[in-house]
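Visitor: Pasting in a structure now, in structure tokens, and then I'll have a few things to ask.
The values are calculated or read from the model by the stated rules, or taken from the named source; none is laboratory data. Because the structure is predicted, anything quoted here is derived from the model rather than measured. Ideal geometry is used to build each Cβ from the backbone, glycine not excepted, and the neighbour counts take in all protein chains shown. Ligands, DNA and RNA are stripped out before the accessible areas are found, and what is left, the full protein with its side chains, is counted by its heavy atoms. Shrake-Rupley method; radii C 1.70, N 1.55, O 1.52, S 1.80 Å.
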Amino acid sequence: MQLWDYLQQPWLYVTLTATYALSVITVIVVIVGENRNPVKSLAWVTILLLFPAVGLILYFFFGRSIKNKRMITKRKKKRLRKSVEQPEYTKNPKGLSLNAERLSTLANSLTDAPVYSGNHVDIFSDGQSKFAALKADLLAAQRFINIQYYIFENDSLGNEIAEILKDKVKQGVKVRVIYDHVGSFHVNSNFFKKLRNAGVDAYPFFKVAIVPLASKVNWRNHRKMVIIDGKIGYIGGMNIANRYLDGGRKFESWRDCHLRIIGPAVASLQYSFARDWNFMGRELLEETPRPDVAGSSNMQCVTGGPMNQWNNLAQLFLKAIASASKRVWIQTPYFLPPEYLLKALQSAALSGVDVRIMIPKRSDARMLGLATRSYFTECLRSGIKLYFYEAGMLHSKVLIIDDDISSVGSTNFDFRSFEHNFEGNMIIYSDDVNQKLRDIFLADQEKSMRIQTDKWKLRPLNQRVQESIWRLMSPIL
């Protein structure tokens, strides 16, 4: 019997169809049985029913859960905490308002993160100033450099920093680099191989291989941190790539936000890096930070990821928004909020809190931009003020609450950051830092267009249809 004749046998067609249908039904049963967010579960079920073949592939790549798994053992966690512990800077931080105290207590309950006092903060809103400061600090390093970025590009900026790292190794400085394998997937592997050959310990987070591809591709390390000698730390939204300096080929400029921290809070960045480093199968780092008290800001590093039980950063944002009495100002490149956060923002606005959300008018991810716009009508109806930033790509991830609470980090205001990515934000309890971030926000507002309800209703029908379609996918984008 010829192969073609064999493939046309009715029994084979029936068997394959039955197996396929059983696979779809099994996955749906698994999704329902996991008792996840019903909106997200319904999105997966809808995709599987409407597009079974595509849905099965998407689920195996992006749908599975690793919630409640440990990144590090209790014993190693205890050792690591002991190595970075600085009780003299974490006891009874002064100047916290009642809301700040409650928020810091929640953050500590979620992530075992203490509040560190005595910190100085520099705020960078452009890549030129941030990378100039970073390169100067790297050149001055004496003990160790720990670098973690979602993207470490093989361009002129990336190569300049790579050469600095290689030179520091020759000077006896220990240099480690974590880059995300998917975020830097397009970067030629020889770039990182040359770093390793020069003595830099450069390794990918959750390396994606052919066989276990579906088990890792969805969980990405989106953190952007640098720790130098345990004294200086960086955290924020900028990766290492030329476009953060000049906007790249698509944008005239790139607006972002990054922090340079001097003080005891650098220990919390070191703890986060060391935990990720050990999770990757590397040694447990027990380098003792040597912080200098440099200012008056109270700070708390909060990390989140797909292994956490409570969706740490979403819980923290929910508490901050719900407790606000004056203002909730948000800058985010993508606005795809879970239902409970959308309701919190609406409740705040309806109760008289000044709620403002700023996003880029032109996004670097078109489908995310369309899905973002699908939430505008609900926001406008509740009195939330929406702004399109028009002077380039807005990539800042900033949350400003009242007069004394701020958050800067890698977390976008979307499902992926809250549920799938490994993220890191610095929560700052400081009137001074809050005021500086408000000034930056207001300066950006001058370069933005406020979205008016009557004009928004007049947008083309085809745009509304596209927004609605991508809105259905928002829980899994």
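Visitor: Please go through (1) without any contact (Cβ under 8 Å) to a residue 12 or more places away in the chain; (2) open to solvent by less than 10 Å² (accessible area, probe 1.4 Å) for residue 283 and return the number of the only condition it doesn't satisfy.
Guide: Of (1) without any contact (Cβ under 8 Å) to a residue 12 or more places away in the chain; (2) open to solvent by less than 10 Å² (accessible area, probe 1.4 Å), only one is false for residue 283: (2).
Visitor: Out of everything in region 414-431 that is modelled with pLDDT under 95 and not charged (D, E, K, R), what residue ends up being nearest to residue 312 (Cα to Cα)?
Guide: Per the stated criteria, the residue is 418.
Visitor: Further, regarding this structure: Just checking, does region 287-300 include any residue being assigned to a helix (DSSP H, G or I) and of a type in the set (D, E, K, R)? Don't jump to the end; show me each part of the working.
Guide: Kept after step one, since they are assigned to a helix (DSSP H, G or I), are these residues of region 287-300: none.
So far as region 287-300 goes, no, none of its residues is assigned to a helix (DSSP H, G or I) and of a type in the set (D, E, K, R).
Visitor: Now a separate question. Among strands (runs of 3 or more DSSP E) lying entirely in region 361-477, which contain 2 or more residues that are over 20 Å from the mean Cα position of the chain (by Cα) and of a type outside the set (Lys, Arg)?
Guide: Values: elements: 385-389, 398-401, 405-409, 423-429, 448-450.
Correct list: 385-389, 448-450.
Visitor: Find the residue count for region 249-268, including only residues that are in contact (Cβ under 8 Å) with a residue 40 or more places away in the chain and closer than 21 Å to residue 334 by Cβ.
Guide: Counting residues in region 249-268 that are in contact (Cβ under 8 Å) with a residue 40 or more places away in the chain and closer than 21 Å to residue 334 by Cβ gives 10.
Visitor: Against the condition closer than 22 Å to residue 108 by Cα and either open to solvent by less than 10 Å² (accessible area, probe 1.4 Å) or in contact (Cβ under 8 Å) with a residue 40 or more places away in the chain (or both), how does residue 335 come out, does it pass? Step through it out loud before you land on a result.
Guide: Values: closer than 22 Å to residue 108 by Cα: no; either open to solvent by less than 10 Å² (accessible area, probe 1.4 Å) or in contact (Cβ under 8 Å) with a residue 40 or more places away in the chain (or both): yes.
So residue 335 does not fit the description; no.
Visitor: Got a sec? Which of 344, 348, 324 is free of Cβ contacts under 8 Å to residues at least 60 places away in the same chain, buried (at least 19 other Cβ atoms within 10 Å of the Cβ) and farther than 17 Å from residue 412 by Cβ?
Guide: Values: 344 fails: farther than 17 Å from residue 412 by Cβ; 324 fails: free of Cβ contacts under 8 Å to residues at least 60 places away in the same chain.
Of 344, 348, 324, the one residue that is free of Cβ contacts under 8 Å to residues at least 60 places away in the same chain, buried (at least 19 other Cβ atoms within 10 Å of the Cβ) and farther than 17 Å from residue 412 by Cβ is 348.
Visitor: Can you give me the number of residues within region 372-430 that are hydrophobic (A, V, I, L, M, F, W, C) and either free of Cβ contacts under 8 Å to residues at least 12 places away in the same chain or in contact with a Pro (Cβ under 9 Å, 6 or more places away or on another chain) (or both)?
Guide: Here the count works out to 7.
Visitor: Which of the strands (runs of 3 or more DSSP E) contained wholly in region 100-192 include at least 2 residues that are modelled with pLDDT under 95, over 13 Å from residue 226 (Cβ atoms) and not polar (S, T, N, Q)? Show your work before the answer.
Guide: Working: elements: 116-124, 144-149, 174-180.
Result: 116-124.
Visitor: Same structure again: Kindly indicate whether residue 400 is in contact with a Lys or Arg (Cβ under 7 Å, 6 or more places away or on another chain), surrounded by 15 or more Cβ atoms within 10 Å (Cβ to Cβ), closer than 22 Å to residue 297 by Cβ and of a type in the set (A, V, I, L, M, F, W, C).
Guide: For residue 400, the condition - in contact with a Lys or Arg (Cβ under 7 Å, 6 or more places away or on another chain), surrounded by 15 or more Cβ atoms within 10 Å (Cβ to Cβ), closer than 22 Å to residue 297 by Cβ and of a type in the set (A, V, I, L, M, F, W, C) - is met.
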